[in-house]
Amino acid sequence: MTGAGSGLGRALSQELARRNARVVASDIDLEAAVATVNGLGSATAYAVRCDVTRLDEVERLAAECDRLLGGVDLVINNAGVAVGGLVGEVSIDNWAWIIGINLWGPIHGCHVFAPRLRAQRSGHILNVASTAGLIAAPRLSPYCVTKSGVVALSEALAGELAEYGVGVSVLCPTFFQTNIVNAARVDGDAALLDPARQLMAAAKLQADAVARLALDGVARGDLYIVPHADGRWLWRLKRLHPAGFNRLAVKLLAWRAARSGPAR
């Protein structure tokens with residue numbers, strides 16, 4: 001699993017340990033991955049550093065999984081970051097940063113691990129996206145673009161791997177407490193992410209519950225795992241009336257701007 005050093009990655013590691021799985025917890029921050037492993041009690045678990053933007057490091061992660069575990073049954077592409085701002089104001093450097101982690105990370109993970117699972121004719125890939133991959137929100141284009149790409153990757157890969165007995169799921173949560181907002185990059189209105197912080201704190205389903213529901217979905221073989229009720233309703237609304245949904249998003253943005261003052 002990538003991005004295992006905190007947040008959902010740590011919660012997924014803990015839930016896997018509760019289910020008696022052996023875990024390879026990888027993160028670009030090795031100390032954070034070690035802390036995750038140390039918190040898993042008597043579970044068989046290993047910490048490995050991996051920068052998902054680099055194909056060679058994901059290949060090394062796979063080799064370590066082979067060495068430590070003799071192969072894998074579940075691959076979780078979880079590492080993710082956030083970028084906000086207006087298209088044209090978000091810097092190209094920030095576009096490249098988020099695409100490298102949020103999109104190239106899962107691409108690298110699937111590129112390296114899918115052939116292994118296909119050869120063994122078993123296993124599952126869980127790609128962590130977001131409800132932002134199912135519905136698009138103004139001022140979050142970089143995040144929505146990358147998460148939409150993860151959804152598309154998962155849909156296509158599910159069709160490719162089905163005949164080999166390999167499952168694919170894409171996890172699309174809405175808001176719960178993680179470090180992603182604190183580490184986000186915003187070009188323009190610095191208050192853009194304030195509503196997200198409030199919604200994260202108020203969410204009824206936090207990381208532990210999202211992890212449990214995600215692994216339950218994997219066990220059932222679900223392609224789409226949308227754990228939060230608000231995410232399911234928003235996705236349903238968009239499918240029923242795409243144009244109306246986009247108009248609603250514009251109105252909500254205008255309402256937020258009126259409450260917080262003009263954005264830069």
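Quick look at the values:
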{"quantity": "Additional length obtainable on full extension of the chain from V87 to N246, 0.36 nm per residue less Cα span", "calculated": "55.6 nm"}
{"quantity": "Peptide ranges 58-66, 141-149, 102-110 listed from the most packed, as the mean C-beta count within 10 angstrom indicates", "calculated": "102-110, 141-149, 58-66"}
{"quantity": "Added length on full extension, which subtracts the Cα-Cα distance from 0.36 nm per residue, E160 to H111", "calculated": "16.4 nm"}
{"quantity": "Approximate spin-label separation A119-D56, in nm, with each point projected 7 Å along Cα-to-Cβ", "calculated": "2.2 nm"}
{"quantity": "Cut-off under 5 Å, modelled amide H: who pairs with H124 long-range", "calculated": "L74, V75, G167"}
{"quantity": "3J(HN,Hα) from dihedral phi, the stretch 217-224, Karplus parametrisation 6.51/-1.76/1.60, rounded to Hz, x for glycine, proline", "calculated": "x, 4, 4, 7, x, 5, 6, 9"}
{"quantity": "Choice from E89, E57, E155 showing the highest fluctuation, given a GNM over the chain with Cα pairs closer than 10 Å", "calculated": "E89"}
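The numbers here are math on the coordinates, done by the rules we state, and not lab data. Small disclaimer: the values here were computed from a predicted structure and weren't measured. Don't worry about glycine lacking a Cβ; one is built from the backbone with ideal geometry, like all the others, and counts go over all protein chains shown.
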